[in-house]
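Peer 1: Below is the structure I would like to discuss, written out as structure tokens.
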Amino acid sequence: MGVPVLVGVDLGTSGVKVVALGLDGVVHAEAAREYPVRSPAPGQAETRPEDWWDAVVAALGEVLSSGALEVAGVGLDGQMHGLVLADEDGSPVRPALLWADSRATSEVSAWEQLPDPLRHRLANPLSPGMAGPLLLWVRRNEPAAYERARAALLPKDWLRHRLTGGAFATDPSDASATLLWDVPGDGWAEDVVTGVGLDAALLPPVRPSGERAGGLSGGGLSGVDAGVPVAVGAADTAAALLATGLTDPGDLQISVGTGAQIVRPVHDPVVTPHPRTHLYRSAAEDSRWYAMAAVQNAGLALGWARRVLGLSWEELYAAADGPPGAGGVTFVPYLTGERSPVLNAQARGAWLGLDLASDRASLAQAAVEGVAFAIRHALEELPSVPGAPLEHARLVGGGIATPGFRALLADVLGIPLRPVGVRSASAVGAAMLAASAAGLPMPPPPVTTDPVVVPTGRAEQYQGPYRRYRDHAESLAGIRSP
């Protein structure tokens, strides 16, 4: 008998991570594999689901290669919003369309034309990269593929079907992010589905994230027995929140990586007519929700600025130590458009306020400050919780490792930040769901904490530069504050 472990599979946009989590919360093994994201035309992003499968088989084989681990359950999470159209056997009828795909921009108008009461029940901003508009694009542009399809699946749901051969299904955390979900009704919005011209029969049944979806079929997998329980699974952000233990509506979590996500648990969702932030179901057993502001350009923009300026990462972050405001230079990091809070895929970035005194150091400082300002701008749009004033926030993700950036962000936000570390959070959260599917106690996540970062006397000095940033950002995005 080997050491019992729970396997978590995190199906990301460009790669998969697989972890083996012990019942005591210790990570025994971890592996990753990459796969290509193809762009057949500008603005398009696709992946062959078969590439996902090959990567999962290879990563799982590496994790279990020692022969010393015994798999007690498998859980999955995946990139959100994507679309896999499958035939009756689960075979893809075309490559998967991904969240970064913007080809369905025209299709969003079908949602804009819905009667206000229907559109408002979606409780989310309209985005072309969500499964609903992508599905409508296929119906309009590839009718043969649409007619062949028997299920419209999220990425991790296709993978689970391939692992188990079981019935098609999804979970609430992924379903609620499709623009086909009735938030107050907490179920598929069939009147929206038919209202935009889609077939509701393509939507899979919805099952709890931690429910047993079936057993491993065993085909093509080494080191794992057939019949091992497999959980329904969750969206990647929802799985990561399980791993970091974010459950209190009075708490806030900021994740900084290529992009940034600001997340707050919500127990009683409130539907607003024109939301600028997202509202999705969590993977928790008690059906919580979470509100999220999504920033596309964080580490992505800093990496670009570093390359353009010819600086190392250390030099880039060191530039932020200068007097707040970068000598009047402002950087708006909308290199790929932006989601929260401006909701404009066509918005573009800029360095503004240049004069003869501006130099490489001021441009670098403005870039680092601009990303921190973008996070604050998004945070200010996140709905507050009555009776739960924001007093601090957790800080997670690879983009917060530099102490100088942590300190800058605490000053810009004006609140203490508590850095929290958990290795491969989404994959660990998926493994925790596997425990539920296997009827085992959920293990504690392997979380570490660093000292709290408290705002300094510089915090007040960032107020003016931030207001200047916000004016520039909203002007470039074509919006105005009320």
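The values are calculated or read from the model by the stated rules, or taken from the named source; none is laboratory data. Predicted model only: the values in this text are computed from it and were never measured. Cβ atoms come from the backbone with ideal geometry, glycine included; neighbour counts cover every protein chain shown. Side chains included, ligands, DNA and RNA excluded: accessible areas come from the protein's heavy atoms. Shrake-Rupley method; radii C 1.70, N 1.55, O 1.52, S 1.80 Å.
Peer 1: For the range 47-59, name all the residues that are among the aliphatic types (A, V, I, L, M) and either touching an Asp or Glu at 6+ places or on another chain (Cβ under 6 Å) or open to solvent by less than 20 Å² (accessible area, probe 1.4 Å) (or both).
Peer 2: Correct list: A55, V56, A59.
Peer 1: Just to verify a result, which residue in the range 75-129, among those that are without any contact (Cβ under 8 Å) to a residue 12 or more places away in the chain and within 30 Å of V9 (Cα to Cα), is farthest from the chain's Cα centre (by Cα)?
Peer 2: D89
Peer 1: From the set of residues in the range 421-434 that are surrounded by fewer than 24 Cβ atoms within 10 Å (Cβ to Cβ) and more than 14 Å from the chain's Cα centre (by Cα), which is nearest to G399 (Cα to Cα)? Spell out the reasoning first.
Peer 2: To start, the set of residues in the range 421-434 that are surrounded by fewer than 24 Cβ atoms within 10 Å (Cβ to Cβ) comprises 421-424.
When the remaining residues are screened for being more than 14 Å from the chain's Cα centre (by Cα), the result is 421-423.
Details: G421: 12, V422: 13, R423: 14 Å.
Result: G421.
Peer 1: Okay, moving on. Answer with yes or no whether D87 is more than 29 Å from A201 (Cα to Cα) and of a type in the set (D, E).
Peer 2: Criteria not met by D87.
Peer 1: Can you say whether E285 is surrounded by fewer than 20 Cβ atoms within 10 Å (Cβ to Cβ) and within 30 Å of M432 (Cα to Cα), as far as the supplied structure shows?
Peer 2: In short, yes.
Peer 1: Something else now. Would you check which residues across the range 72-107 are among the β-branched types (V, I, T) and at pLDDT 95 or above and list them? Can you show your working first?
Peer 2: Taking the range 72-107 as the starting set, the residues that turn out to be among the β-branched types (V, I, T) are 74, 84, 93, 105.
Of everything in the range 72-107, those that are among the β-branched types (V, I, T) and at pLDDT 95 or above turn out to be V74, V84, V93.
Peer 1: I'm checking my understanding of the structure. Among residues of the range 440-449 that are out of contact with any Lys or Arg (no Cβ under 8 Å at 6 or more places or on another chain) and not hydrophobic (A, V, I, L, M, F, W, C), which one is farthest from A213 (Cα to Cα)?
Peer 2: T448
Peer 1: Also: I'd like to know if the range 272-293 contains one or more residues that are part of a loop (DSSP other than H, G, I, E, B), in contact with a His (Cβ under 7 Å, 6 or more places away or on another chain) and touching a residue at least 60 places away in the same chain (Cβ under 8 Å).
Peer 2: Within the range 272-293, one or more residues are part of a loop (DSSP other than H, G, I, E, B), in contact with a His (Cβ under 7 Å, 6 or more places away or on another chain) and touching a residue at least 60 places away in the same chain (Cβ under 8 Å).
Peer 1: Kindly indicate whether any position in the range 94-109 is touching a strand residue (DSSP E or B) at 6+ places or on another chain (Cβ under 6 Å) and among the hydroxyl-bearing types (S, T, Y).
Peer 2: Looking through the range 94-109, none of the residues is touching a strand residue (DSSP E or B) at 6+ places or on another chain (Cβ under 6 Å) and among the hydroxyl-bearing types (S, T, Y).
Yes/no matrix, rows are residues, columns are (1) out of contact with any Asp or Glu (no Cβ under 7 Å at 6 or more places or on another chain); (2) under 17 Å from V271 (Cα atoms); (3) touching a residue at least 40 places away in the same chain (Cβ under 8 Å):
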| residue | (1), (2), (3) |
| --- | --- |
| A169 | no, no, yes |
| L180 | yes, yes, yes |
| P184 | yes, yes, yes |
| G187 | yes, yes, no |
| A200 | no, no, no |
| S209 | no, no, yes |
| A213 | yes, no, yes |
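Peer 1: Something else about it: Count, please, the residues in the range 415-466 that happen to be of a type in the set (K, R) and in contact with a strand residue (DSSP E or B) (Cβ under 7 Å, 6 or more places away or on another chain).
Peer 2: Qualifying residue count for the region: 2.
Yes/no matrix, rows are residues, columns are (1) in contact (Cβ under 8 Å) with a residue 24 or more places away in the chain; (2) over 18 Å from G259 (Cα atoms):
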position	(1), (2)
A407	yes, yes
P419	yes, no
A438	yes, yes
M442	no, yes
Y462	yes, yes
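Peer 1: Of all residues in the range 394-408 being modelled with pLDDT of 85 or more and under 20 Å from R264 (Cα atoms), which is nearest to the chain's Cα centre (by Cα)?
Peer 2: Start the filter on the range 394-408 by keeping residues that are modelled with pLDDT of 85 or more, which leaves 394-396, 402-408.
Checking the rest, the ones that are also under 20 Å from R264 (Cα atoms) come to 394-396, 406.
Details: R394: 17, L395: 15, V396: 13, R406: 21 Å.
Ranking the qualifying residues of the range 394-408, first place goes to V396.
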